[in-house]
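Step one of this worksheet: look at the structure below.
Laboratory data are not the source of any read-out in this text; all were calculated from the coordinates shown. Given the structure is predicted, the values throughout are model-derived calculations rather than measurements. Cβ atoms come from the backbone with ideal geometry, glycine included; neighbour counts cover every protein chain shown.
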Amino acid sequence: MFTAVIIKIDNGCATLDIGRGKQISIPSKFLPQNVKESDTVIIELLSPIQFEARQKNIAKALLKEILGADEAKTTGQKAKS
C-alpha cells in the first residue's frame, strides 16, 4: 500500500505522483469519486487470491456484526456442512 498525489486529471486519464520523482498514469475511472487534483489517494495492489481472502474477511465481519458473534459461528458451520 502506498500513497499518491493526483497531479492532473484530463481526458479520462489521471497522472499520479508516487514519490521519488516517479509518476504513473491511470484511467481516471479508477479514482475514487469526488477527488480532484492535489488530493492524496491510497493505492493497494492485490493478487486475485489476496483480493478473494479480503472479500471473505469483510463478509465474515459484516455477518458477525449483523448477526452477532454466536450466530455468525453457527451460520458458518451450517454453510460448511
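Rounded to whole numbers, the Karplus 3J(HN,Hα) couplings from phi for region 57-63 are 5, 5, 4, 4, 5, 5, 4 Hz, using 6.51 cos²θ - 1.76 cosθ + 1.60 with θ = phi - 60°, and x at Gly and Pro.
Go ahead and run the numbers for FRET between Q55 and Q23, Cβ-Cβ distance against an R0 of 25 Å, rounding to 0.05.
Details: r = 31 Å, r/R0 = 1.22.
The value I calculate is 0.25.
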